[in-house]
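The values are calculated or read from the model by the stated rules, or taken from the named source; none is laboratory data. Everything numeric in this text was worked out from a predicted model, so none of it was measured. Using ideal geometry, Cβ is built from the backbone for each residue, glycine included, and neighbour counts are taken over all protein chains shown. These accessible areas exclude ligands, DNA and RNA; they are computed on the full protein's heavy atoms, side chains included. Shrake-Rupley method; radii C 1.70, N 1.55, O 1.52, S 1.80 Å.
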Amino acid sequence: MSAKTYLRLLQIGLVASLFIVFCVFKDLLFPFITSKQLPFNILMEILFAFWLVFVLRYPEYRPKKNLIVYGLAAYLLAILISCLVSVNFTLSFWGNAERMLGFFSVIHFLIFYLILITTFRSWAEWRWLFLISVAVATLVSLQGLLGTQAYSTIGNTAYVSGYLIFNIYFALLLFFRNQDKVWRWLYALPIFIMLLEFRICHTSGAIIGLFLSVLLLFFLIGIFHKSKLVRRSSLAVLIIAVVAVVVIFSQSQTAWFQNSFLKNLTTEKATFQTRLISWRGAAADFKYHPIFGTGFGNYAIIFDKHFDPKFFNYATTETYFDRAHNNLIDITSTTGIVGLATYLSIFVIVFYYLWQEFKRNGRRAGAGEESARHNLEIIIIVSLIAAYFIQNLAVFDSFVTYMGLMLVLGYIYWLVQIGKKPEEEAEELETKPGLIKGPGTEIIVLLILLIVAYIFTSQTNLKPWGVFKGVIVGYGDIMEGKYVEGVDAYRQALIGTPLDHDGRVTLINLATSNPEMFAQMQASTAKANLDYIISLAQADLRLNPADSLMQMQLAQILNTAARVNYQDTKLFNYYSSQALEAIDRSIAASPGRIPVYLVKAEMQMMRGEKDESVATVNYAISLNPGYYEGYCHLARFYIYLKDNKSLLQPLNECLDKGGIASLNSDLLLKSAISFEASQNDYPRALSLAQKLATVSGASGEVWFNLAKLYMVTGDAAQADIAAQKAVSLDPQFKAAWASFLQSVGKGVATSTASTTGQKK
């Protein structure tokens, strides 16, 4: 094939990769992630075969000497080394379905970059690439604005925000590159649409990153623009913006500020506090793995090891962090000093090249002269990199930000190349002879590489694709009550690929949360399926025995097996003792994680070890006395044990600290209501009755009792509403309500209503 044919083919392939952002295959596990990374991997592997033949056949098109390439290669080498010393090699190298960002996936972005710098060789080509990227981002934004979810086709608003930052700046580049003073304003439309989507994503780190990058943009223009008027105007805007921010945030304790989204841009935000806890843990652990880290992608083991129970003061869900939510901390802790140094070297090289180009163009920016326009582009690129870097201090890279970063680095490479002197270009070309000569050899080599690419991608991408698809089939069967068929579907799907982990986890979680499914099977089938699921949990642990979450999941499935075999003393003790061993290992791996102790307490209670169970819960409470879950567990135990003498304090603490949702069954709620009423604590009894009405809202008796509690606590209006609801569900309560009103007497009812009015 001719060089032009290769160029067009590879360019079309890269352009096609930009549209992968629309891929969301609902029949795959983690569809917003796997639907993008797997097709991207496959496409890059095919394009790589063509690219390799192309650069071997036509040496003049090979990438020129450039430190950015070396920086990227060094960073990837550091990641690979960290994989080799990782606490979980499989996770480091292959990643998982939830992130798809192991070394194997990340190296495909290097392929993207190499093809990019090889094939996009003029501004006209870059213009089309940026135009298409901006157009795609605009469509993604419209989907988020007009659809039901702000995360659009990307699946996470933080990822969307990072993606939009790149494309907002790409549109800005196109705006200033366009010399038509009228038509270039059309670029304002996609910027406006993207900013609207950016706004509804409410991603604090990205908002701060974009805002500070804009301030940097005005600052650099204020320093380097060739027009004195523009310089002064830019600095004036910068000063006004800074003063405005200072004034606004000086009001941070006022009611209007606390009720606005601006509160989320302060350190008071709960997610910022949980991240601070995470970062402190990373700092404490650094001394144990300073050179190469714990292994790329293995941040979870650090987070678990140093988990601080104070975390529950700010969040009670999403308490397992597999990323530091700070790219620099994440890289440092998982790839060590070597990884951080090589990562930062990329940006040092970039700024070195940009500064050299900036100086070559005369150090002045603006419209008109080509050199001044190039410097204005450099200022925009520097601001974009700043935005990317700052927003990544509160998040981590994803598929879309890796793509954006490669586009930026590729464009910088092109800027550097067009600034080279002709003799430098000639000197580089002289040392690159063609290794493939003649069309016959070219075709043979290309066919061999394509066959190798097919075999490779079928093993590394198509097989996992089948796993992710089969897992969803099995999951759907189990959710529909087809338990045996569902487990069989999992058996067929989980064929032993490096990415089976997340599929195994879904089945383990289904089994532990729905133990009744085994009662629907024949005894032999139930035992075989339980043992199979236990083997899946054990397979996960072989990857990393120090994984607290995996140890807990093994403990839970073993405990489920014990429950299923409760009547068989031998099997019960066999599974139960193993479950306790596993939960103790989970606690040892994350000693500050309160819920693991509560899981252990449940196991102990089931074994009849009542005193030990209560002691375990009390220790969990001591880790963070302000967290409600321990008290709620204790209250549930005392209700189960019918120990009203011990129930009062933990039940009241559970309710007062906001844990009423933990009492989520009719039996628990009814028992708690009865107990609080017996203590004449009608306000707490009322709160429990309100909760019961949401759980068992179709029961007339529940609403009738709620009506009585409303009346006793002095809310006659709500009592009447609840009574009407009870009567609508069961007409016999009409007479019962009339009888109740007579029993309390008109005087009491009138007094109660009057009291309610006074309270209002």
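Annotations
- Residue pairs whose Cβ atoms lie under 7 Å apart, separated by 6 or more positions or on different chains, with the first residue in the stretch 16-33 and at positive phi and the second part of a loop (DSSP other than H, G, I, E, B) and open to solvent by less than 30 Å² (accessible area, probe 1.4 Å), are F30/A97.
- Residues that are open to solvent by 20 Å² or more (accessible area, probe 1.4 Å) and small (G, A, S) number at least 1 in the following helices (runs of 4 or more DSSP H) confined to the stretch 553-655: 569-589, 610-623.
- Counted residues, the stretch 222-248 - those being touching a strand residue (DSSP E or B) at 6+ places or on another chain (Cβ under 7 Å), touching a residue at least 60 places away in the same chain (Cβ under 8 Å) and in a helix (DSSP H, G or I): 1
- Restricting V564, V617, V599 to those that are more than 30 Å from F93 (Cβ to Cβ) and at pLDDT below 95 reduces the list to V564.
- Among residues of the stretch 259-271 that are touching a residue at least 40 places away in the same chain (Cβ under 8 Å) and within 19 Å of A324 (Cα to Cα), those with a beta-carbon under 8 Å from a residue that is in a loop (DSSP other than H, G, I, E, B) and among the small types (G, A, S) at least six positions away or on a different chain give the pairs A270/A315; T271/A315.
- Within the stretch 75-86, the presence of at least one residue that is open to solvent by less than 40 Å² (accessible area, probe 1.4 Å), farther than 30 Å from V416 by Cα and either among the aromatic types (F, W, Y) or assigned to a helix (DSSP H, G or I) (or both) is confirmed.
- Considering the stretch 656-667, and only residues there that are of a type in the set (G, A, S) and either open to solvent by 20 Å² or more (accessible area, probe 1.4 Å) or assigned to a helix (DSSP H, G or I) (or both), the residue that is modelled with the lowest pLDDT turns out to be S665.
- When residues in the stretch 9-33 are screened for being open to solvent by less than 40 Å² (accessible area, probe 1.4 Å) and of a type outside the set (A, V, I, L, M, F, W, C), 4 of them pass.
- The number of residues in the stretch 479-514 that are of a type in the set (D, E), within 19 Å of W94 (Cα to Cα) and outside any helix (DSSP H, G or I) comes to 1.
- Exactly one residue out of S234, S227, S250 is of a type in the set (S, T, Y), modelled with pLDDT of 95 or more and farther than 27 Å from L129 by Cβ, and it is S234.
- Residues that are more than 17 Å from the chain's Cα centre (by Cα), under 20 Å from L80 (Cβ atoms) and either open to solvent by less than 40 Å² (accessible area, probe 1.4 Å) or modelled with pLDDT under 95 (or both) within the stretch 284-300 comprise G293, T294, G295, listed in sequence order.
- Single residue of I68, I12 found to be without any contact (Cβ under 8 Å) to a residue 12 or more places away in the chain, aliphatic (A, V, I, L, M) and in a helix (DSSP H, G or I): I12
Yes or no, residue by residue, for (1) over 15 Å from D666 (Cα atoms); (2) at pLDDT 90 or above:
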| site | (1), (2) |
| --- | --- |
| N680 | yes, yes |
| A689 | no, yes |
| V702 | no, yes |
| K708 | yes, yes |
| T713 | yes, yes |
| A726 | yes, yes |
| P731 | yes, yes |
| S739 | yes, no |
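- Flag if R504 is surrounded by fewer than 16 Cβ atoms within 10 Å (Cβ to Cβ) and basic (K, R): no
- Single residue of V136, V85 found to be touching a Phe, Trp or Tyr at 6+ places or on another chain (Cβ under 8 Å), of a type in the set (V, I, T) and farther than 19 Å from M403 by Cα: V85
- Hits in the stretch 117-163 - residues which are over 28 Å from the mean Cα position of the chain (by Cα) and open to solvent by less than 30 Å² (accessible area, probe 1.4 Å): I117, T118, T119, F120, W126, L129
- Out of A546, A526, A511, sole residue that is within 30 Å of P591 (Cβ to Cβ) and open to solvent by less than 10 Å² (accessible area, probe 1.4 Å): A511
- Residue list for the stretch 294-313, restricted to those being among the aliphatic types (A, V, I, L, M) and in contact with a Gly (Cβ under 9 Å, 6 or more places away or on another chain): I301, I302
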